Amino acid sequence: MANEKKIQLTKEGYDNLQAELRQLLDVEQPAVKEQLSEARSQGDLSENADYDAARNRLSEIEDRIKTIEYNLANSVIVKGKSNKVALGSTVEIEFLSTHARQTFLIVGTVESDISKGKLSNDSPVGRAIMDKQVGDEVEIEVAKPYKIKIVSITTD
């Protein structure tokens, strides 16, 4: 384990994982265990769809709990630098071919969610802009390469 790479999280990402873990442990897992108990009391388990569904859901919850506990135990909270793109930085980029602009929060892979504007530092764009500064232009190495310019960088 000493050689394993730490999971990089923003403070918000760490807090969100802790909240999800509390929700699973305090609310969802006990509720599903109660459903499982009720389904068991119905008798024959071989043809009991409620029992099977509750057992499957409990397994999913327990798997997610293990994943979150592992991620929290093996994580490091990172904070963005003020003048360079880093985890925790909010970055506005401009696509040079269209002049369209987009803003992203740079996060680790565990908390990335592009639909919420959270871009993984391991994505093609994330890798390309790490440690760059405002005004830098970079080429994104994908099947059809394109160029972007870093317009602004902010940190909390």
With every protein chain kept in place and a 1.4 Å probe, the chain has an accessible area per residue in Å² of 61
For the chain, whose charge dipole is built from +1 on Lys and Arg Cβ atoms and -1 on Asp and Glu Cβ atoms, the candidate among Tyr146, Ile77, Ala54 with its Cα farthest towards the positive end is Tyr146
Carbon plus sulfur, as percent of the 1.4 Å-probe accessible area of the chain, comes to 47
With label points set 7 Å from each Cα along the Cα-to-Cβ direction at Val76 and Glu38, the distance between them in nm comes to 4.7
For segment 37-156, the dipole about the Cα centre with charges only on Cβ (Lys and Arg +1, Asp and Glu -1), to the nearest 20 debye, works out at 680
Per the rule of 0.36 nm per residue minus the C-alpha distance, extending Thr109 to Glu139 adds in nm 8.7 nm
Calc'd 3J(HN,Hα), segment 108-114, phi into Karplus 6.51 cos²θ - 1.76 cosθ + 1.60 (θ = phi - 60°), Hz, glycine/Pro = x, comes to x, 4, 5, 9, 5, 7, 4
If amide H atoms are modeled at 1.01 Å from N in the peptide plane, then the residues at a separation of 5 or more from Ser112, or on another chain, having amide H under 5 Å from its own are none
In degrees, nearest 10, the alpha-carbon axis of helix 49-73 is tilted away from the dominant principal axis of the alpha carbons of the chain by 40
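The values are calculated or read from the model by the stated rules, or taken from the named source; none is laboratory data. This one's a predicted model, so the numbers in the text were calculated from it and none came from an experiment. Positions of Cβ are backbone-derived with ideal geometry, glycine not excepted, and every protein chain shown enters the neighbour counts. Side chains are part of the model used for accessible areas, which takes the heavy atoms of the whole protein and leaves out ligands, DNA and RNA. Shrake-Rupley method; radii C 1.70, N 1.55, O 1.52, S 1.80 Å.
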